[in-house]
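Working notes for the structure below.
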Protein chains: 2
Amino acid sequence: MNAYTQDCICLLGDSLTQGGWEPHGFAQRLSYVYARKLDVINRGLSGYNTEWAIPVFEQFFAKSKDQEHLPKVQLLTIWFGANDACIPPSPQHVPLPTFSANLSKLINLVKSPDSPYHSPSTRVILITPPPVNTYQRGADLATRNPPLDLDRKFEVTQQYAEAVKEVGAKEGVPVVDIWSSIWEAAGKVERDLSRYLNDGLHLNAEGYTFVYDGLLKTISESYPEIHPDNLEFVFAPWADVANAADRSQALRKRDAFLRK
Amino acid sequence: MNAYTQDCICLLGDSLTQGGWEPHGFAQRLSYVYARKLDVINRGLSGYNTEWAIPVFEQFFAKSKDQEHLPKVQLLTIWFGANDACIPPSPQHVPLPTFSANLSKLINLVKSPDSPYHSPSTRVILITPPPVNTYQRGADLATRNPPLDLDRKFEVTQQYAEAVKEVGAKEGVPVVDIWSSIWEAAGKVERDLSRYLNDGLHLNAEGYTFVYDGLLKTISESYPEIHPDNLEFVFAPWADVANAADRSQALRKRDAFLRK
């Protein structure tokens with residue numbers, strides 16, 4: 001792929017991000033609305049926490065000196081907390097202050113002019129983890145062989161979601177707070193979270209709607225220039241090509257940011 | 001995105017490819033099974049024919065001299081014919097011999113050592129256009145304002161599908177013949193193609209199953225080394241990280257082609 005055709009959106013996170021490729025997942029839906037405008041690159045890693053995500057990020061995100069050769073990352077979503085919030089002694093557990101510091105570090109790897117990964121074109125959005133339904137999760141773990149103890153607590157994941165919002169406020173990065181929107185949609189009844197969660201932890205298609213809708217709303221409000229409605233097809237709509245006096249001119253790739 | 005993390009699959013085609021991002025579309029399903037192994041880049045352009053695709057390809061596909069900086073394209077699918085087969089005087093119409101020559105040209109832009117776009121890492125698969133249901137298509141066009149005449153014929157699209165197979169044989173490129181598989185699944189009854197087509201022309205979720213299944217089968221047979229079952233996660237499964245004596249070692253990115 002050429003560096004100068006379509007830029008991209010990068011989704012960084014855990015299994016909730018990796019599962020975004022499910023039908024009606026947020027990666028699938030973003031790909032659909034951004035088709036011919038921005039590519040969607042999914043760097044969701046099931047089971048990962050922020051501690052493990054930092055070295056991963058430093059390996060997949062291009063250093064500033066290499067960025068000119070590569071498609072620009074116009075938007076980076078950072079979505080962690082679901083695994084960081086595991087209860088000790090889980091190896092996935094990351095203490096709350098470290099979780100917050102790790103999120104700040106990820107943001108500043110991109111945004112700080114002193115970082116070797118500094119990417120001036122990259123907008124960042126944080127996403128909170130969804131609320132955990134410990135009834136569903138506990139029942140699921142009990143069916144494993146051997147049965148497993150409950151590994152997450154409702155109130156703990158809530159604290160990690162709050163921490164994401166605090167990091168966003170501190171770093172000046174917008175936050176899609178799906179913890180709150182899903183909790184409210186469930187009438188603040190933990191058992192009723194099953195409407196949006198497959199297994200007490202992972203979102204179903206209805207759950208992903210909060211992520212997708214929240215992202216599009218946040219893009220509208222904070223980064224309207226990259227809302228899909230404000231971007232142009234890089235290669236012209238076919239009827240424009242068909243009707244052009246000079247088709248080879250009409251077929252020249254365009255800057256998605258330059259609307260006619 | 002770094003050049004040395006995940007390579008990619010590139011889907012080149014018309015609206016049938018662009019629509020691959022629908023839920024259960026073939027781009028969505030490929031993205032899901034290739035997650036953490038290969039990225040999927042969709043260059044489907046609604047309404048385009050092979051004549052317009054050539055200059056587009058020459059703008060988005062990296063020239064050989066630039067490829068070292070960019071993720072490698074491990075697989076390129078080329079899927080045209082649905083618009084080339086429009087009946088004259090449609091501006092989308094491409095005469096059958098020109099259609100065949102254009103497909104050969106696209107293949108050789110990648111495969112010929114003399115091409116400036118020569119990409120030794122890129123495997124190619126051709127896909128035939130699906131059969132047209134002129135009853136559905138005609139009814140759809142009649143509802144437009146103003147009503148439109150039928151723009152495609154069953155037998156003509158069938159000829160373009162045959163031409164794709166001939167080009168594949170001539171160029172030594174495997175072909176996913178969805179024309180035949182869908183026609184057979186419909187019991188060779190044109191009206192019954194509505195099981196697989198939304199509007200007589202575009203595939204529904206069931207129709208895309210032939211594309212996805214056909215691609216995975218062809219990959220198994222012709223390019224087994226890039227079948228998802230034969231590729232490794234670039235970043236290790238979380239339990240391998242959690243259990244590693246040296247986690248920073250376990251978090252080093254790997255070559256997707258090197259299975260343990």
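The values are calculated or read from the model by the stated rules, or taken from the named source; none is laboratory data. Here the structure is a predicted model, which is why all the values come from computation and not from measurement. Positions of Cβ are backbone-derived with ideal geometry, glycine not excepted, and every protein chain shown enters the neighbour counts. Accessible surface is based on the protein model in full, side chains and every heavy atom, while ligands, DNA and RNA are left aside. Shrake-Rupley method; radii C 1.70, N 1.55, O 1.52, S 1.80 Å.
Data for the structure
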| item | result |
| --- | --- |
| Cα-centre dipole for chain A with unit charges at Cβ (Lys and Arg positive, Asp and Glu negative), debye to 20 | 600 |
| Inter-copy label distances at A:Q249 (7 Å, Cα→Cβ; nm, one decimal) | 6.3 |
| Whole-Å semi-axes of the ellipsoid equivalent to segment B:7-226 (Cα gyration tensor, √5λ, descending) | 28, 19, 16 |
| Stokes-Einstein D (µm²/s) once Rh is taken as the Kirkwood radius of the protein assembly as shown over alpha-carbon pairs, at 10 °C in 1.306 mPa s | 66 |
| Per DSSP, loop trypsin sites (Lys or Arg not before Pro) in segment A:55-157 with at most 14 further Cβ within 10 Å | A:K63, A:R144 |
| Considering only the protein assembly as shown, percent of DSSP beta bridges that pair antiparallel, nearest 5 | 5 |
| Too-long pairs where the Cα-Cα distance tops 26 Å, listed order kept, from A:K165/B:K72; B:K37/B:K111; A:K37/A:K111 | A:K165/B:K72 |
| Unit charges at the beta carbon, dipole of the protein assembly as shown: most positive-side option, B:S121, A:N230, B:A27 | B:S121 |
| Two-site FRET efficiency, A:E68 against B:V189, from Cβ-Cβ distance with R₀ of 41 Å, rounded to 0.05 | 0.15 |
| Mean residue ellipticity (222 nm) of chain A, computed from DSSP H runs ≥ 4 via -39,500 (n - 2.57), nearest 500 | -11500 deg cm²/dmol |
| Heavy-atom accessible surface that B and A bury in contact, both chains counted, 1.4 Å, Å² to 100 | 4600 |
| For A:K188, inter-copy label distances in nm, listed shortest first [label point 7 Å out on the Cα-Cβ vector] | 6.7 |
| Solvent-accessible area per residue, Å², over chain B with all protein chains present [probe radius 1.4 Å] | 39 |
| Antiparallel content of DSSP bridges confined to segment B:7-226, in %, to 5 | 5 |
| Residues whose placed amide H lies under 5 Å from that of B:L76, excluding near-sequence neighbours | B:C10, B:R123, B:V124, B:I125 |
| Hull shadow area, averaged, segment B:12-85 [alpha-carbon convex hull, nm²] | 5.4 |
| Whole-percent carbon and sulfur share, accessible surface of segment B:1-119, 1.4 Å | 55 |
| Carbon/sulfur fraction of accessible area - segment B:121-260, other protein chains in place, 1.4 Å, % | 49 |
| Kirkwood Rh in Å, taken over all unlike Cα pairs in segment A:44-125 | 13.4 |
| Label point 7 Å beyond Cα along the C-beta direction, distances from A:K105 to other copies (nm, shortest first) | 5.3 |
| Amide H within-cut-off set for B:D7, under 5 Å, with H built and near neighbours excluded | B:D39 |
| Debye log10 I(q)/I(0) at q = 0.17, 0.30 Å⁻¹ for segment A:154-200, Cα point scatterers | -0.54, -1.10 |
| Segment B:115-232: projected area of the alpha-carbon convex hull, averaged over directions, in nm² | 9.9 |
| Tail beyond 15 Å, pair distance distribution of segment B:79-161 (Cα, percent) | 64 |
